């Protein structure tokens, strides 16, 4: 009986996580940044395009930079490429 309850709780938790993540509508962006002679791409979702774009740029810059100054410089640079699209919920 206890095993059935544990299994049911696990299944319910997985279903809840899927529902909460799949139900998020908004915008997804992929930004590719060129900084310090290297290029890296990052993807992020946001409630609107501006939020998704900022997050994607930051994600792409993270492995390319060292320190606060480089991070700020990369985050302020224009993306090498940028693609955004609306993503729907359930």
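The values are calculated or read from the model by the stated rules, or taken from the named source; none is laboratory data. Note that the structure is a prediction, hence the values are computed from the model and not measured. Don't worry about glycine lacking a Cβ; one is built from the backbone with ideal geometry, like all the others, and counts go over all protein chains shown.
Within region 55-82, how many residues turn out to be within 9 Å of residue 29 (Cβ to Cβ) and under 13 Å from the mean Cα position of the chain (by Cα)?
Of the residues in region 55-82, 3 are within 9 Å of residue 29 (Cβ to Cβ) and under 13 Å from the mean Cα position of the chain (by Cα).
If you check every pair at least six apart or on different chains, which have Cβ atoms under 6 Å apart with a residue in region 65-80 that is within 11 Å of residue 33 (Cβ to Cβ) first and a residue that is modelled with pLDDT under 95 and in a helix (DSSP H, G or I) second?
none
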